[in-house]
1. Summing -39500 (n - 2.57) over the DSSP H runs of n ≥ 4 in the chain and dividing by its residue number, what mean residue ellipticity at 222 nm do you reach, to the nearest 500 deg cm²/dmol?
2. Please report 40, 292 as a ranked list, fewest other C-beta atoms within 10 angstrom at the top and most at the bottom.
3. If you find the alpha carbon centre of the stretch 298-319 and of the stretch 140-156, how far apart are they in angstrom?
4. Kirkwood Rh, the stretch 215-284, all Cα pairs: how many Å?
5. So how do 84, 142, 8 line up by other beta-carbon neighbours within 10 Å, fewest first?
6. Expressed as cubic angstrom per residue, what is the convex hull volume of the alpha carbon set of the stretch 256-323?
7. Over all directions, the average projected area of the alpha-carbon convex hull for the chain comes to how many nm²?
8. Taking the beta-carbon count within 10 Å as an exposure proxy, list 162, 39 from fewest neighbours to most.
Amino acid sequence: MSFWDNLSKPFFVMAPMADVTDVAFRALVAKGGKPDVFWTEFVSADGLYHTREISKMKDDENPLMRDLQFTEEQRPIVAQIFSSKPEMITYATKLVAELGFDGVDLNMGCPDRSIEKQGAGAALVKNPKLAVELIRAAKEASDLPVTVKTRIGYNKESLYEWLTALLEANPAAITLHLRTRKEMSLVPADWEQMKRAIEIRDRVNPNVLLIGNGDVESVEQGKKLALETGCDGIMIGRGMFGNPWVFAGRKPEDTPLALKLAALVELAHNFEKIMPAKNFAILKKHIKAFVTGFIGAAELRARLMGAENANDIEKIVQATTATSSI
Ligand SMILES: Cc1cc2nc3c(=O)[nH]c(=O)nc-3n(C[C@H](O)[C@H](O)[C@H](O)COP(=O)(O)O)c2cc1C
């Protein structure tokens, strides 16, 4: 039994997103409306081993350990790790268990070349045998529930073979990003495949929860998709951009601009306070997302992009709201 067994369906979870779902952004989402499960960004299991055990880097100076920070309000929280080596998965799973995470997720969907070159991420879709070994290694390393996030195929859809192999390894849940590796994020997610996935799951291993992912922008849309496909949960990624209230049921257009700008200022301060070592430029993604869709947005964005710290952002926002009608 784990927290996964106690979620009412359909549940809504945060997608792991590199340089987005860090501890600072998660704080904003926790305040705006909690998802049923939080997720970290992906972290290299090999990197954790090398920095801690070989280079003997101190944890408080280690950028990978910084990516594994979380606060109590961000629970339940799953740490996502990647590797193609079972012994590295063992190492990193033990570590995230010690750090107090509620679950560990294995990335088997990332199309980034540097990750695929290591045989990790989406490359595992071509190597189900190794994928199963990695799941086993994670399950044996601790009591944490183990989950997998992946795609529906590599060059073409291969759901039957791939999902069957994963189901037989009996993870607590599998998230399916409903595109192949080749499709990257260039075509719409194929939710029809989720219906097939459910059929396969019901036949092979009904104990495993299936989470659908791809192009969901609101809880309302997600509930509809869950009803149509029968999936247990919905994962939202880009729908959180500029809308940390998404899990509370809000659509981007529901939030007045002044509140969006206030959230951006809060995020900038969170960023500086909680993770000062991380490049402030990462905030630019959020500036683009929050400051959009109104007259004068481009101009304000340009000014905010020149900011160097949270106080600059706050001053620019204050000056704009004081002198204009937005
Ligand atoms: C900026 C960015 C970073 C991402 N980082 C990760 C990651 O670290 N791990 C992962 O499994 N997927 C990652 N993804 C994929 C998302 O988790 C998700 O599968 C994808 O964006 C599709 O869902 P969406 O349409 O709701 O955004 C990332 C996507 C984006 C856009």
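Values quoted throughout were computed directly from the atomic coordinates according to the rules given, and no laboratory measurement underlies them. Source: prediction; values computed, not measured. Backbone-built Cβ (ideal geometry, glycine too); neighbour counts: all protein chains shown.
1. Numbers: 13 runs with 133 residues, N = 326.
Here the helix-only value at 222 nm equals -12000 deg cm²/dmol.
2. Details: 40 27, 292 16.
By the 10 Å Cβ count, ascending, the order reads 292, 40.
3. First find each Cα centre; the distance between them is then 40 Å.
4. Values: mean 1/r = 0.0724 Å⁻¹.
Across the stretch 215-284, the inverse of the average 1/r is 13.8 Å.
5. Details: 84 23, 142 18, 8 6.
Ordered from fewest to most neighbouring Cβ atoms within 10 Å, 84, 142, 8 come out as 8, 142, 84.
6. On the way: hull volume 5.0 nm³, N = 68.
Taking the convex hull of the Cα positions in the stretch 256-323, it is 74 Å³ per residue.
7. Details: hull surface 64.2 nm².
So the mean shadow area of the Cα hull is 16.1 nm².
8. Working: 162 23, 39 26.
Fewest to most other Cβ atoms nearby, the residues stand as 162, 39.
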